[in-house]
1. Can you tell which of 132, 223 is more than 16 Å from ligand 2 (Cβ to nearest atom), surrounded by fewer than 20 Cβ atoms within 10 Å (Cβ to Cβ) and not aromatic (Phe, Trp, Tyr)?
2. Which of the numbered conditions does residue 50 fail, given that it passes all the others? Conditions: (1) in a strand (DSSP E or B); (2) out of contact with any Pro (no Cβ under 7 Å at 6 or more places or on another chain); (3) surrounded by 18 or more Cβ atoms within 10 Å (Cβ to Cβ); (4) touching a residue at least 40 places away in the same chain (Cβ under 8 Å).
3. Taking the stretch 107-128 only, how many residues are aliphatic (A, V, I, L, M) and over 13 Å from residue 90 (Cβ atoms)?
4. Within the stretch 279-305, track down each residue that is open to solvent by less than 10 Å² (accessible area, probe 1.4 Å) and assigned to a strand (DSSP E or B).
5. Given the criteria in a loop (DSSP other than H, G, I, E, B) and buried (at least 19 other Cβ atoms within 10 Å of the Cβ), does residue 311 qualify?
6. Check residue 77 against each of (1) buried (at least 17 other Cβ atoms within 10 Å of the Cβ); (2) away from ligand 1 (no atom under 16 Å from the Cβ); (3) over 30 Å from residue 211 (Cα atoms) and name the one condition it does not meet.
7. Is one or more of the residues making up the stretch 357-364 open to solvent by 20 Å² or more (accessible area, probe 1.4 Å) and either within 16 Å of ligand 1 (Cβ to nearest atom) or part of a loop (DSSP other than H, G, I, E, B) (or both)?
8. If you go through the stretch 96-138, how many residues are part of a loop (DSSP other than H, G, I, E, B) and either modelled with pLDDT of 95 or more or within 13 Å of ligand 1 (Cβ to nearest atom) (or both)?
Amino acid sequence: VATVAVPAPLVGRQSPFIDEDLEARIFRVHRDAFRSQAVFDRERSQIWNRCWLYLGHASELPNPGDYKVRKIGGRPLIFIRDVKGTIRCFYNSCPHRGTTVCRQEEGNARHLRCFYHAWTFDTEGHLVSLPSPDAYPSDSGFRERLGLRPVAGLEILHDFVFITFNEQAPPLAEYLGGAAKFFELVANMSEVGMRVLPGTQRYTARANWKLLVENATDGYHFSPSHITFLEYLKSTGFTTSDEVSSVEIHNNHVASVQAGHGGRIGLAWEPRFGEAERARTEANRARLVERFGEEYASYLADGFHTTYMFPNLLLFDIESISIRLLEPVAPNRTEVSAWALAPIDEPAETTGLRLKTLVSFIGPGGLATPDDLEAQEAIQRGIEATADDRRDGVDWNDISRGIDAELRGGPLRTIDEAGIRHFWRTWDSMVCGNDGFFDTPGSAGR
Ligand code: FES
Ligand SMILES: [Fe+2]
């Protein structure tokens, strides 16, 4: 069980949004944080324009010239594998007069052509042709200046592709810190690599993005909210427990780890996966032990890991694996895209079971996600009730559960709110600055 202490400078926050008084065992968040357009704008500049952000998985672009358009931090982007095989990310905005260059969701192309004046770019972003170029002086270097604009930074970790709009961002490894091990864990599930399965689950929550983050790191709601799912599990002869769960904090990121929590496709068998799957799982398991030894094989195969990479990625490595990308579009609206990840060499039957399990639990029509969405949207509706009520404590959310354990240095349990507090401290230090005011020293111009 993790006993990682929260970085000291973050604790004890007093800002317009966080009221933290550990002596009094108070930790509360002001509800304007979920409602305010000013906060939303501030998040764009202080969080989305500064941090590393998840973009996609390299397996989504298997062939040279494959591309997908994506929107991250409000910016339309082109996620592309160039004809030489390198993964790139450009702003989806013509350097000429600004038109979105790619207007299809995805495709394969040797060249990208802007429809407005037909400027044409190769997959490395060079401006390679344009109609009537003679009106531009050929010796002025304008072609060289007017290629597609790459984002400021792109790094790939175990095929997970991350970008940043911040030229001064630290290297990705430094940003992720200890959270990198969860990406490695997933990558190690296959010797030949992992792939995103075809199709995207896309839906919109009528809720602030931070409510989706809170929900994913909140084990407290599991039993009351997901009672239908729990009853179903029980009916399959399976019992679950929160006793062996812990929260890990790595830099800005929060992971919840549950050992021996339940079945995992291809890794840990349980009766509802069916007899045929049992032999396949055992064979796979033996191979993992061969590759990594008992201890790491068990860590990889038996544990549920839900990793939140601040700010826009949730990696659910649970019964099956789901990558969930959060894209805030308004204070009360968040677009979610989710993808299933599987070993490239997985037997088709197992992949079939994986998809079935995924859609039945954390898919948008599954037994869990609709409960979660209803909770998030009910909060967004509910917090309108107290807006502008200035009486003490009325317009605040309480996030103090387990604060005593946290003060003692752990253990941090998933059914407490320590992970959520860490998220809010991180958020507040960026949005309000470490001095607790609505201005971050040194952030001018970002
Ligand atoms: S705006 Fe793209 S070619 Fe003119
Ligand atoms: Fe949930």
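The values are calculated or read from the model by the stated rules, or taken from the named source; none is laboratory data. Just so it is clear, the model here is predicted, and its values are computed rather than measured. Every residue, glycine among them, receives a Cβ derived from its backbone with ideal geometry; neighbour counts consider all protein chains shown. These area figures cover heavy atoms from the full protein model, side chains too; ligands, DNA and RNA do not enter into them. Shrake-Rupley method; radii C 1.70, N 1.55, O 1.52, S 1.80 Å.
1. Result: 132 is the single residue among 132, 223 that is more than 16 Å from ligand 2 (Cβ to nearest atom), surrounded by fewer than 20 Cβ atoms within 10 Å (Cβ to Cβ) and not aromatic (Phe, Trp, Tyr).
2. Here residue 50 meets the rest and fails (1).
3. Qualifying residue count, the stretch 107-128: 2.
4. 305
5. Answer is yes for this residue.
6. (3)
7. Yes: one or more hits.
8. 26
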